[in-house]
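What follows is a single structure, written as structure tokens, with notes after it.
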Amino acid sequence: MKPFDVYPLFDIVLEKAQGSYVWDTKGTRYLDLYGGHAVISVGHSHPLYVERMKAQLERIAFYSNSVKIPQQDILAEKLGRLSGYEDYNLFLCNSGAEANENALKLASFHNQRKKIIAFNRSFHGRTSLAVAATDDHKIVSPVNETEHIVFLPLNDAAALQQHMNDGVCAVIIEGIQGVGGIHVPTTEFLASIRTLCNQYGAVMILDEVQSGYGRSGKFFAHQYANVQPDLVTVAKGMGNGFPVGGVLISPKFEAKHGMLGTTFGGNYLACAAAIAVLDIIEQEALIDKATETGNYLMQELRNIPQVKEVRGLGLMIGIELYEPCSQLRNKLLSVHHIFTGSSSDKNTLRLLPALNLSKEDATLFFEAFNAEVQK
Ligand code: PLP
């Protein structure tokens, strides 16, 4: 048997990682500004993270949600406190798609409606309803197609108003669109969604799978707009590489036994990873660090004439060029040994480094980038 060949892969085999760096089997060191699809939040192999994971593994790694797992309470309390959602409840699962799938399901259970509003260039994952709400027909299989989803332009409050009615179940939006090329919803638009959802009894879902956990310079990107969604989905940076996701659920949703469920969600190791991540974010003030380093990097990039636009907040940065960026991305990797990300917009390079990226490493990237675009 061989792995099912669905991924275009770099010819690189990694064997070691530390902080913002990874090493391949030939001993080459790479600066990681991609974090494996925005997953590495507190840095690779952070000592506290490693210590907590080892200690948990030696005690108990797994049991299902048929016994009390006190680590889930600790995680929920810490996440509530650090995110400002202290009165919300937490449902734990294993990935971003699963978090969105459960959020959409919960919304529909809540108001018994079916119509979902999503936005152009959205990405919400690859499971049934999450992929149907994803604006990429190539990854939607015939069985996932549904007439329940409507796609509207991002930041167009008039279009949204036109489509809102008593049949709308939920509006789902990314805190910052990631895969779509780093597009930030305006604070006015997020406020309109909140107002219209209140008016029509629809559920506001914020997908913070990529933009959450401090990446934007606030715990959640939507907090720049001072709105409170009914449901917030999280994954990626939450476990710094251990698969864990979750839905933050407003107290207005009533839980019933059996309504949602998962075998693996909220297991001991997942909780240990997620608690360690929150402790590190808090102890090392990583959210402020993300703002500081992100602002520095964006400011420098905006001075380069070959750059058309720099979009983003904190350390979730999109660099749009006047031409496709795939060659540049390959050069950054092969010549300068720097990992960056692509996006569905072929001209936009994505940066999603660990939140503790140093200013020196940000400068290293900036100089390599500048040298390549001047060629
Ligand atoms: N939502 C957003 C905004 C994402 O960026 C992603 C993944 O890129 C997902 C959901 C899906 O997450 P996962 O791959 O963990 O299922």
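Do you know which of the residues in region 197-222 that are hydrophobic (A, V, I, L, M, F, W, C) and part of a loop (DSSP other than H, G, I, E, B) is surrounded by the most Cβ atoms within 10 Å (Cβ to Cβ)?
The qualifying residue surrounded by the most Cβ atoms within 10 Å (Cβ to Cβ) is Val209.
Output the number of the condition that Ala159 fails; it satisfies all remaining conditions of (1) without any contact (Cβ under 8 Å) to a residue 60 or more places away in the chain; (2) under 28 Å from Gly341 (Cβ atoms); (3) in contact with a strand residue (DSSP E or B) (Cβ under 8 Å, 6 or more places away or on another chain).
(2)
State yes or no: is Lys138 in a helix (DSSP H, G or I) and without any contact (Cβ under 8 Å) to a residue 12 or more places away in the chain?
yes
Determine the pairs where a residue that is modelled with pLDDT of 95 or more and of a type in the set (S, T, N, Q), located within region 24-43, has a partner that is away from the ligand (no atom under 16 Å from the Cβ) and not in a loop (DSSP other than H, G, I, E, B) with Cβ atoms under 6 Å apart, the partner being 6 or more residues away or on another chain.
Between residues of region 24-43 that are modelled with pLDDT of 95 or more and of a type in the set (S, T, N, Q) and residues that are away from the ligand (no atom under 16 Å from the Cβ) and not in a loop (DSSP other than H, G, I, E, B), the close pairs are Thr25/Glu15.
Scanning for something modelled with pLDDT of 95 or more, within 20 Å of Pro47 (Cβ to Cβ) and either surrounded by 24 or more Cβ atoms within 10 Å (Cβ to Cβ) or not assigned by TED's automatic domain parsing to the domain that holds Ala170 (or both), does region 261-270 turn up at least one residue?
Yes, region 261-270 contains a residue that is modelled with pLDDT of 95 or more, within 20 Å of Pro47 (Cβ to Cβ) and either surrounded by 24 or more Cβ atoms within 10 Å (Cβ to Cβ) or not assigned by TED's automatic domain parsing to the domain that holds Ala170 (or both).
Are any residues in region 107-129 assigned to a helix (DSSP H, G or I) and within 16 Å of the ligand (Cβ to nearest atom), and if so, which ones?
Passing the criteria: Ala107, Ser128, Leu129.
Looking only at region 174-196, which residues are within 11 Å of the ligand (Cβ to nearest atom) and surrounded by fewer than 24 Cβ atoms within 10 Å (Cβ to Cβ)?
Val179, Gly180
Residue check: is Leu104 assigned to a helix (DSSP H, G or I) and either surrounded by 21 or more Cβ atoms within 10 Å (Cβ to Cβ) or not assigned by TED's automatic domain parsing to the domain that holds Val277 (or both)?
Spelling it out, Leu104 is indeed assigned to a helix (DSSP H, G or I) and either surrounded by 21 or more Cβ atoms within 10 Å (Cβ to Cβ) or not assigned by TED's automatic domain parsing to the domain that holds Val277 (or both).
Without any contact (Cβ under 8 Å) to a residue 40 or more places away in the chain, closer than 28 Å to Leu286 by Cβ, crowded, with 20+ Cβ neighbours inside 10 Å and in contact with a Gly (Cβ under 8 Å, 6 or more places away or on another chain): which single residue out of Leu315, Leu349 fits that description?
Being without any contact (Cβ under 8 Å) to a residue 40 or more places away in the chain, closer than 28 Å to Leu286 by Cβ, crowded, with 20+ Cβ neighbours inside 10 Å and in contact with a Gly (Cβ under 8 Å, 6 or more places away or on another chain) holds for just one of Leu315, Leu349, which is Leu349.
Can Leu333 be described as under 13 Å from Tyr30 (Cβ atoms) and touching a residue at least 24 places away in the same chain (Cβ under 8 Å)?
Judged against the criteria, Leu333 is a match.
So which residues in region 83-106 are within 14 Å of the ligand (Cβ to nearest atom) and of a type in the set (Ser, Thr, Tyr), if there are any at all?
Ser95
How about region 57-88: which of its residues are surrounded by fewer than 15 Cβ atoms within 10 Å (Cβ to Cβ) and in contact (Cβ under 8 Å) with a residue 60 or more places away in the chain?
Leu57, Arg59, Ile60, Ala61, Phe62, Tyr63, Ser64, Gly84, Asp87
Kindly indicate the residue of region 13-39 that is assigned to a loop (DSSP other than H, G, I, E, B) and within 22 Å of Glu367 (Cβ to Cβ) and also nearest to the chain's Cα centre (by Cα) among those meeting that condition.
My answer is Tyr34.
Just wondering, is there one or more residues in region 153-172 that are within 20 Å of the chain's Cα centre (by Cα), assigned to a loop (DSSP other than H, G, I, E, B), in the same structural domain as Asp136 (by TED's automatic domain parsing) and buried (at least 24 other Cβ atoms within 10 Å of the Cβ)?
no
Among the residues that make up region 34-50, is at least one of them among the β-branched types (Val, Ile, Thr), exposed (fewer than 14 other Cβ atoms within 10 Å of the Cβ) and closer than 18 Å to Leu355 by Cβ?
Taking every residue of region 34-50 in turn, at least one turns out to be among the β-branched types (Val, Ile, Thr), exposed (fewer than 14 other Cβ atoms within 10 Å of the Cβ) and closer than 18 Å to Leu355 by Cβ.
The values are calculated or read from the model by the stated rules, or taken from the named source; none is laboratory data. In this text the structure is predicted, and so the values were computed from the model without any measurement. All Cβ positions, glycine included, derive from the backbone under ideal geometry; neighbour counts span all protein chains shown.
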